[in-house]
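To start, the structure itself, in structure tokens.
The values are calculated or read from the model by the stated rules, or taken from the named source; none is laboratory data. The structure presented is a predicted model; accordingly, all values stated were derived computationally and were not measured. Cβ atoms come from the backbone with ideal geometry, glycine included; neighbour counts cover every protein chain shown.
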Amino acid sequence: MASPFVVFLLMFAVPCSAIGVWPQPRYMSWPVHWATSLSPSFTITSPRHPYLSPAVARYLQLIKTEAYYPLTDLTVNLTNGPPLQALIVTVKDLAAPLSHGVNESYSLSIPTSSDKATLSAETAWGAMRGLETFSQLIWGKPSRVAAGVEVSDWPIYAYRGIMLDTSRNFYEVEDILRTIGAMSANKLNVFHWHITDAQSFPIVLPSEPDLAAKGSYGSGMQYSPANISRIVEYGLQHGVRILPEIDAPG
Ligand SMILES: *[C@@H]1O[C@H](CO)[C@@H](O)[C@H](O)[C@H]1NC(C)=O
Ligand SMILES: *[C@@H]1O[C@H](CO)[C@@H](O)[C@H](O)[C@H]1NC(C)=O
Ligand SMILES: *[C@@H]1O[C@H](CO)[C@@H](O)[C@H](O)[C@H]1NC(C)=O
């Protein structure tokens with residue numbers, strides 16, 4: 001007899017046939033399942049921006065190296081059109097900082113009759129969300145790209161985050177970076193970093209060095225100013241704001 005768990009899986013596995021952009025965009029249209037190929041010289045152009053530019057480079061690398069296969073067969077019709085040569089990214093307000101409530105809306109269009117797709121966003125942060133969506137519309141080797149697709153998306157919640165407590169347990173810098181990367185793939189935007197508490201004080205404050213020296217679990221379990229800068233920069237390159245919480249011990 002099937003366990004309730006198996007029955008649960010079957011109920012939800014059957015209807016998922018097409019491509020599953022996650023999280024589901026507010027509006028996505030792909031009326032006929034057209035696909036085109038990705039040109040070997042495919043590129044992404046975008047305005048220069050300290051955090052968007054590294055994100056563009058990262059997504060280009062991901063798109064060119066990842067051969068993702070959807071869990072269920074994807075039946076598509078190949079267009080007679082040219083392979084996709086470029087994604088053109090435009091941003092209205094390049095100066096908008098990654099603050100609470102910043103506009104993260106974007107529109108993505110992958111036509112069937114052109115070798116260029118377009119992504120337009122209000123801010124660099126919205127452009128990053130659009131790049132994530134675009135990357136999820138590419139699969140296989142050689143790569144196919146869904147075509148005849150229109151996406152218009154914006155978040156329901158301005159604050160989409162997780163909280164990590166590094167006081168009860170120390171987490172390596174690399175683990176925090178990996179977590180931020182996973183957040184960005186899920187379009188989350190706030191990393192609430194509960195850095196310290198009564199249990200330990202891992203953050204090295206140059207003005208009060210004794211707090212970490214005496215309050216951390218050990219010299220290998222501290223966050224240096226360089227570690228913190230790296231995490232904050234990495235967050236910005238992924239559209240994830242680092243929200244630090246420093247509790248005066250206990
Ligand atoms: C492929 O094209 C045929 C003919 O136009 C159409 O009937 C079919 O639904 C299309 N398949 C998909 C997956 O869109
Ligand atoms: C974001 O910008 C779009 C396009 O200009 C606009 O329609 C929308 O209302 C804005 N959203 C927010 C949260 O400001
Ligand atoms: C954390 O900071 C220390 C001291 O600045 C440095 O030696 C170490 O490489 C950093 N770790 C990471 C993962 O960046």
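Taking (1) more than 23 Å from Ala35 (Cβ to Cβ); (2) away from ligand 2 (no atom under 15 Å from the Cβ); (3) under 15 Å from the mean Cα position of the chain (by Cα) in turn, Leu98 satisfies each apart from (2). Of the residues examined, Thr79 is not one that is within 16 Å of ligand 2 (Cβ to nearest atom), under 23 Å from Ser107 (Cβ atoms) and in the same structural domain as Val32 (by TED's automatic domain parsing).
Restricting the search to the range 198-219, which residues are surrounded by fewer than 18 Cβ atoms within 10 Å (Cβ to Cβ) and either closer than 13 Å to Asn169 by Cα or in contact with a Ser or Thr (Cβ under 6 Å, 6 or more places away or on another chain) (or both)?
Quick first cut of the range 198-219, residues surrounded by fewer than 18 Cβ atoms within 10 Å (Cβ to Cβ) only: 198-199, 205-210, 213-214, 217-219.
Residues satisfying the conditions are Ala198, Gln199, Tyr217, Gly218.
Considered as a group, the residues in the range 21-39 that are in contact with a helix residue (DSSP H, G or I) (Cβ under 9 Å, 6 or more places away or on another chain) and modelled with pLDDT under 95 include one that is farthest from Arg144 (Cα to Cα), and that residue is Trp22.
Rundown of residues vs (1) over 22 Å from Ala57 (Cβ atoms); (2) within 16 Å of ligand 2 (Cβ to nearest atom); (3) assigned by TED's automatic domain parsing to the domain that holds Tyr59; (4) within 16 Å of the chain's Cα centre (by Cα), yes/no style:
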site	(1), (2), (3), (4)
Ser109	yes, yes, yes, no
Leu119	no, yes, yes, yes
Thr123	no, yes, yes, yes
Gly126	no, yes, yes, yes
Arg129	no, yes, yes, yes
Phe134	no, no, yes, yes
Ser143	no, no, yes, no
Gly148	yes, no, yes, no
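Considering the range 120-141, and only residues there that are among the β-branched types (Val, Ile, Thr) and touching a residue at least 60 places away in the same chain (Cβ under 8 Å), the residue that is surrounded by the most Cβ atoms within 10 Å (Cβ to Cβ) turns out to be Ile138.
Tally time: how many residues in the range 160-217 are of a type in the set (Ser, Thr, Tyr), touching a Gly at 6+ places or on another chain (Cβ under 7 Å) and within 25 Å of Ala127 (Cα to Cα)?
If we filter the range 160-217 for residues that are of a type in the set (Ser, Thr, Tyr), which is where we start, we get 166-167, 171, 179, 184, 196, 200, 207, 216-217.
Still in the running and touching a Gly at 6+ places or on another chain (Cβ under 7 Å): 184, 200.
Retained after the next criterion (residues that are within 25 Å of Ala127 (Cα to Cα)): 184.
Residues that pass the stated criteria total 1.
Scanning the range 200-250 for residues that are among the polar types (S, T, N, Q), more than 17 Å from Ser167 (Cβ to Cβ) and not in a loop (DSSP other than H, G, I, E, B) yields Ser229, Gln237.
Is it the case, given these coordinates, that Ile180 is of a type outside the set (Lys, Arg), modelled with pLDDT of 95 or more and surrounded by fewer than 17 Cβ atoms within 10 Å (Cβ to Cβ)? Quick ask: steps written out before the conclusion?
On the way: of a type outside the set (Lys, Arg): yes; modelled with pLDDT of 95 or more: yes; surrounded by fewer than 17 Cβ atoms within 10 Å (Cβ to Cβ): no.
Answer is no for this residue.
Restricting the range 30-88 to residues that are among the hydrophobic types (A, V, I, L, M, F, W, C) and part of a helix (DSSP H, G or I), which is nearest to Leu137 (Cα to Cα)? Ranking the candidates gives Ile63 first.
Every residue in the range 110-119 that is touching a strand residue (DSSP E or B) at 6+ places or on another chain (Cβ under 8 Å) and surrounded by fewer than 18 Cβ atoms within 10 Å (Cβ to Cβ), please.
At the first step, the residues of the range 110-119 found to be touching a strand residue (DSSP E or B) at 6+ places or on another chain (Cβ under 8 Å) are 110-112, 115-119.
Residues satisfying the conditions are Thr112, Asp115, Lys116, Thr118.
Condition (residue is of a type outside the set (A, V, I, L, M, F, W, C), out of contact with any helix residue (DSSP H, G or I) (no Cβ under 7 Å at 6 or more places or on another chain) and free of Cβ contacts under 8 Å to residues at least 12 places away in the same chain) applied to the range 187-208: is it met by at least one residue?
Our first condition is that a residue be of a type outside the set (A, V, I, L, M, F, W, C); within the range 187-208, this holds for 187, 189, 192, 194, 196-197, 199-200, 202, 206-208.
From the residues that got through so far, the ones that are out of contact with any helix residue (DSSP H, G or I) (no Cβ under 7 Å at 6 or more places or on another chain) too are 189, 192, 194, 196-197, 199, 207-208.
Now narrow it down to the ones that are free of Cβ contacts under 8 Å to residues at least 12 places away in the same chain: 207-208.
Among the residues of the range 187-208, at least one is of a type outside the set (A, V, I, L, M, F, W, C), out of contact with any helix residue (DSSP H, G or I) (no Cβ under 7 Å at 6 or more places or on another chain) and free of Cβ contacts under 8 Å to residues at least 12 places away in the same chain, which makes the answer yes.
Restricting the range 162-199 to residues that are assigned to a strand (DSSP E or B), more than 23 Å from Trp22 (Cα to Cα) and not aliphatic (A, V, I, L, M), the residue that is farthest from the chain's Cα centre (by Cα) is Thr196.
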